[in-house]
Number of protein chains: 2
Amino acid sequence: MKDTTYGLGLDFGTNSVRALLVDLGNGRELATAVHDYPSGRAGIVLDPKNPDLARQNPADYLLGIEAAVKRTLAAARKIRPRFRPEEVVGLGVDTTGSTPLPVDASGEPLAFRKAFRRNPNAMAWLWKDHTGFAEAAEITALAAGHHPEYLAKCGGTYSSEWFFSKILHCLRTDPAVFEAAASWVECCDYIPAVLVGETRPDRIKRSRCAAGHKAMFNDAWGGLPARDFLARLDPGLGELRGRLYDKTFTADVRTGGLSKDWARRLGLVEGTAVAAGAFDAHLGAVGLGVAPGKFVKIIGTSTCDICVWPNNLELADIPGLCGIVDGSVLPGYYGLEAGQSAVGDIFNWFVEYLRPGGPRKGSHEELTRLAAKLRPGQSGLLALDWNNGNRTVLVDQRLTGLLLGQTLHTRPEEIYRALIEATAFGSLTIIKRFEDYGVRIDEVRNCGGIAEKNPLVMQIYADVTGLEMKIARSSQTCALGAAIAGAVAAGPAAGGHKDFPSAQAAMTGIRPRTYKPNPERHAVYAELYPLYRRLHDAFGTKDGPGSLYDVMKDLLAIRDRQLC
Amino acid sequence: MKDTTYGLGLDFGTNSVRALLVDLGNGRELATAVHDYPSGRAGIVLDPKNPDLARQNPADYLLGIEAAVKRTLAAARKIRPRFRPEEVVGLGVDTTGSTPLPVDASGEPLAFRKAFRRNPNAMAWLWKDHTGFAEAAEITALAAGHHPEYLAKCGGTYSSEWFFSKILHCLRTDPAVFEAAASWVECCDYIPAVLVGETRPDRIKRSRCAAGHKAMFNDAWGGLPARDFLARLDPGLGELRGRLYDKTFTADVRTGGLSKDWARRLGLVEGTAVAAGAFDAHLGAVGLGVAPGKFVKIIGTSTCDICVWPNNLELADIPGLCGIVDGSVLPGYYGLEAGQSAVGDIFNWFVEYLRPGGPRKGSHEELTRLAAKLRPGQSGLLALDWNNGNRTVLVDQRLTGLLLGQTLHTRPEEIYRALIEATAFGSLTIIKRFEDYGVRIDEVRNCGGIAEKNPLVMQIYADVTGLEMKIARSSQTCALGAAIAGAVAAGPAAGGHKDFPSAQAAMTGIRPRTYKPNPERHAVYAELYPLYRRLHDAFGTKDGPGSLYDVMKDLLAIRDRQLC
């Protein structure tokens, strides 16, 4: 038994991969390094003719692992000269998703073949690729008619960002790639498989998280959607089902041991435990200390909101959620995923696109400083946080922003504050949806740059929701969660942990400064929120008398016609 | 008979008075001069403790006449050395309104008395003084219950900007001033009275325009509102009625001859015809060539929209108009007044308060240049033009702005164009209201800085309304209209004109460049306008299922509470 053991978390993001070395005893983050993907634009392969297309070169992943891990270990040795590779007892992997890639029978990405080297369809289809929007609508329609239960677990709408939309779009538009693919694997399945040296598609341990949230996998209906269902979309898709998977694994499971080859390349020990992969937000939730009653928010350009609920307690299908998947976050618990399509992106839009306030007053810092002086309701403004659509609870990307209450004296910081408040109201709407379906929420744990750096945003969130806002101690909760997965996959005998909760107890925490709701401000927001809901329901739902649902839709239809 | 004759127009604005010398034969503007009012802030006496208060020192008017006329005549002599004062055959006066001032029995403003010299309540109550908002609501409520016919001629709501609201507020809050006042006169009644040297309140020729639009004067019910009605508001107000007036005069009527004293002070000829006064917008309409079918728009920070209709043809009460007054613009015609509470002010708000676009891209010129490249509907944006409330047809100052359709890529010029389009939709709503009640509109004549200088605004107005937009030849249509009134008051024998139409035929005109609707763009706006109306009706009216009327109201109520 070693005195000190470490977990190594590998966090594959949209533009780069991060490695993080964490002390398994206390969660101390010894060293970290980031490697930017070299391909495309900031790591994303784009198509100037098609703004929906976003791909990644899987070669970037492999180069990135080596570069990021080596630099992390070198940094660790500098900080702690006694550091030895064998102290690293487990590796975990989190990635974006759904980011599937087509592979051959040996598990080699088709993108590595000469014939497909420059073909984006043979690469990884990045989460934010929307080329399959028509196929998504087709899948949603078919499921609504024949298998509503499929949709009930993923918010009622199958997204263009998800597994089958992408594969079906490939089948339709690039049959050569589809035909050449022996199977399709999620990025979070592929990386652990590479590290353990077992990439044959039928032997890869597939992620419960990815399968359940993005591929409609559920043991209740025998795993993936029925072959008939898929065949009805296209016979080729039905035929593919047998070459996908019928078993999935939670992220505490050991996929295997680090291969000899990769141990050498990384400077680690052969056989070191590698955990099954999962998505970034879900392992981020683990790194944030998610547990029943602890709602976590990963706040970035958008948010991912996650909570868990014991899988031995009854839980209704919750309409409008991104997904409800047993074991997607913690084994033994339903993982419940929600989110807001834009949060930081809305603030960035205001600052970077509108560039308000003249030459000196338009920075986030200055707008925040001025907005902090305002009282709730003082500006008379109210906004909807839909500049990038609404992911939860309306599940509608074709919604747009709204700002109401402008006078001839409305100032930029008032709008900035209204936009912050709009995202807070959006968050409250998600929290209420959980609570309406019996999920208890006692506290909110936040992470991400905005949560760490903008106390005004956090205070407004506390004042709007009436809940205390806590901030993760770690700035890298996703990579931390991946390291925790590695630690649990290694197990206590190897110096790891026995399960997620004990690892979380040892390794995660919150910062001393928290944000408590101010009763007076909360009272004003309690008056404003019903007005937000009036607008939310009028523009976001078809039901009810006098719905204005079609106003935004008609505007988009006119816009699309004018742009083409 | 002289070869060349001139009319002198005196245009009393919010911040200054302008004199304009116009050739009565061809409308050529020989010379002009502006004198800024010295009192208060830009001529407006304010109260730092009460943003509703806006007064003017009547001494500024008298100093201003002398300064502006003398400079105008001096300029005229430079341009035309043969110019002689006796060639000026008539003077006309237009002013803001309702701008009433309390006077003593000799017609001297109370503000000139030592006792009241620093008392704003003894000054002229400028049109935009809103201190009487509670009294306005009281008058509206009483009239709605007892004399709905009073309200039917002024849009259904009696405004805080109008005559009796202001006087009643003075009575309630400063009885010493109210008691000292022998009568109250509109600024447009006071100035001509001063010039002819007959200011005794019972001998002043009161303006039909001011009386009809602002004091509920109508021959159909015996002039001013009934004594009982006024007494019910306050016995003192009922008692005042007898010291006001029972006759009114159109602006073609000769009030009298220029007094000896004022002839000397101005360097003009004693006995020169002085016309009865009227409001700036109404004489501006005359200067724009208003006639049946010719709808005129005076576009500034707000707009005033005016048209006329023969008073021997049937005309229903038109709900939501600012006023319907026989003879307020042209004798023999109903003067119909409408308007938008903010037009240029909305564009100025965007540029000056939001200061969008970073250091170099936020000017009106640059935003206009970029907005001109956009196609209708292309931005997906839709706005309501209510940043300063809605004057016509909703008659509701407590409405606020709305912007809808923002994405993460919305740019300042897209919003700028949406704001222009919103004011165009607002204008179309007014035009449709006239047409719905049988008033024919064939063309639109515009004046004001925006109309002259911003072709994009005019083209959008043409494309939205489907009507040709014409621009006044004169940049000073109000002062031109006043000069025309002087010419008609002088009459043909003195070298003037016999009536308004013949003076207009000789002296007014439009510029060669007009703006014709583009059929393709009009077709897109024909799709967008119903969406504007959906928002207009949802937020602006209480009727209909799912009205969102109270959203803006509740926000303002919360705001007001937070501010106090």
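Per-structure values
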quantity: Shortest-first distances to equivalent copies, position residue B:542, nm, label 7 Å out along Cβ; calculated: 3.3
quantity: Formal net charge of residues neighbouring residue B:283 (Cβ-Cβ distance under 11 Å; K, R +1; D, E -1); calculated: -4
quantity: Inter-chain Cβ neighbour average for residues B:374-383, partner chain, 10 Å; calculated: 5
quantity: Segments A:39-52, A:526-539 sorted - mean Cβ within 10 Å per residue, highest first; calculated: A:526-539, A:39-52
quantity: Buried on assembly, the stretch A:410-447 (at least 10 Å² less accessible surface than by itself, 1.4 Å probe); calculated: A:410, A:411, A:412, A:415
quantity: DSSP H segments from chain A that extend 24 Å or more along their own axis, Cα-based, with Kyte-Doolittle mean of -0.5 or above; calculated: A:58-79, A:412-436
quantity: Average Cα contact separation per residue, the stretch A:397-496, under 8 Å, 6 or more apart, as relative contact order %; calculated: 23 percent
quantity: A from B by rotation - nearest chain B beta carbon to the axis, in Å; calculated: B:546, 1
quantity: DSSP beta bridges in the stretch A:6-281 [antiparallel fraction, %, rounded to 5]; calculated: 70 percent
quantity: Helical contribution to [θ] at 222 nm, DSSP H n ≥ 4, -39,500 (n - 2.57), averaged over chain A, rounded to 500; calculated: -11500 deg cm²/dmol
quantity: Label 7 Å beyond Cα on the Cβ vector: residue B:365 copy-to-copy distances, nm; calculated: 3.3
quantity: Accessible carbon and sulfur surface of chain B relative to its total accessible area, %, 1.4 Å; calculated: 50 percent
quantity: Cα centroid separation - the stretch A:76-131 against the stretch A:306-331, whole Å; calculated: 28 Å
quantity: Ordering of B:300-311, A:179-190, B:133-144, A:226-237 by packing [mean C-beta count within 10 Å, highest first]; calculated: A:179-190, B:300-311, B:133-144, A:226-237
quantity: Size of the A/B contact, given as accessible area buried on both chains, probe 1.4 Å, in Å²; calculated: 5000 Å²
quantity: Check: the protein assembly as shown dipole with +1 on Lys, Arg Cβ and -1 on Asp, Glu Cβ, in debye; calculated: 3040 debye
quantity: q = 0.07 Å⁻¹, the stretch A:6-281: log10 I(q)/I(0) [Debye, one scatterer per Cα]; calculated: -0.25
quantity: Taking only Cα atoms of the stretch A:252-402, radius of gyration then Dmax in Å; calculated: 21.0, 64
quantity: Whole-number accessible area per residue in Å² for the stretch A:245-333, which is evaluated in the context of all protein chains at 1.4 Å; calculated: 31 Å²
quantity: R0 of 60 Å, Cβ-Cβ distance residue B:516-residue B:176: FRET efficiency to nearest 0.05; calculated: 0.50
quantity: Cα-projected label distance for residue B:561 with residue A:317, points at 7 Å along beta-carbon direction, nm; calculated: 4.1 nm
quantity: Cα centroid of the stretch A:388-466 to Cα centroid of the stretch B:192-228, whole Å; calculated: 57 Å
quantity: Of A:166/A:432; A:361/A:453; B:432/B:542; A:205/A:498; B:153/B:553, pairs whose Cα-Cα distance is over 22 Å; calculated: A:166/A:432; B:153/B:553
quantity: Protection proxy ranking of B:206-212, B:25-31 - average other beta-carbon atoms within 10 Å, highest first; calculated: B:206-212, B:25-31
quantity: Normalised contact order of chain B, rounded percent, pairs of Cα under 8 Å and 6 or more residues apart; calculated: 16 percent
quantity: Amide H partners (placed H, <5 Å) of residue A:104, local residues excluded; calculated: A:110, A:182
quantity: The protein assembly as shown - share of DSSP beta bridges that are antiparallel (%, nearest 5); calculated: 70 percent
quantity: Exam field: residue B:514 pseudo-label spacings to other copies (7 Å along Cα-Cβ), nanometres; calculated: 7.2
quantity: Solvent-accessible heavy-atom area per residue, rounded to whole Å², over the stretch A:19-118 at 1.4 Å; calculated: 44 Å²
quantity: Cα-based shape type of chain B, given that a ≥ b ≥ c are square roots of the gyration tensor eigenvalues and the cut on a/c is 1.5; calculated: oblate
quantity: Shielded residues, the stretch B:525-543 - accessible-area loss of 10 Å² or more between chain alone and all protein chains, probe 1.4 Å; calculated: B:527, B:528, B:531, B:534, B:535, B:538, B:539
quantity: Taking the stretch B:6-281 and dividing mean pair separation by its residue count, relative contact order in percent (alpha carbons under 8 Å, at least six apart); calculated: 19 percent
quantity: Hull volume in cubic angstrom per residue (convex hull over the Cα atoms of the protein assembly as shown); calculated: 185 Å³
quantity: Placed amide H near residue B:223: partners under 5 Å, 5+ positions off or other chain; calculated: B:218
quantity: Residue B:79-residue A:59 pseudo-label distance in nm [points 7 Å out on the Cα-to-Cβ vector]; calculated: 7.7 nm
quantity: Inter-chain Cβ neighbour average for residues A:352-363, partner chain, 10 Å; calculated: 6
quantity: For residues of B:395-403, the mean tally of beta carbons on other chains within 10 Å; calculated: 4
quantity: Pairwise FRET efficiency - residue B:118 versus residue B:264, Cβ, R0 = 30 Å, nearest 0.05; calculated: 0.45
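The values are calculated or read from the model by the stated rules, or taken from the named source; none is laboratory data. Keep in mind that this is a model prediction, so the values were computed, not measured. Here Cβ is always computed from backbone atoms with ideal geometry, including for glycine, and neighbour counts include all displayed protein chains. What goes into the accessible areas is simple: the full protein's heavy atoms, side chains included, and nothing from ligands, DNA or RNA. Shrake-Rupley method; radii C 1.70, N 1.55, O 1.52, S 1.80 Å.
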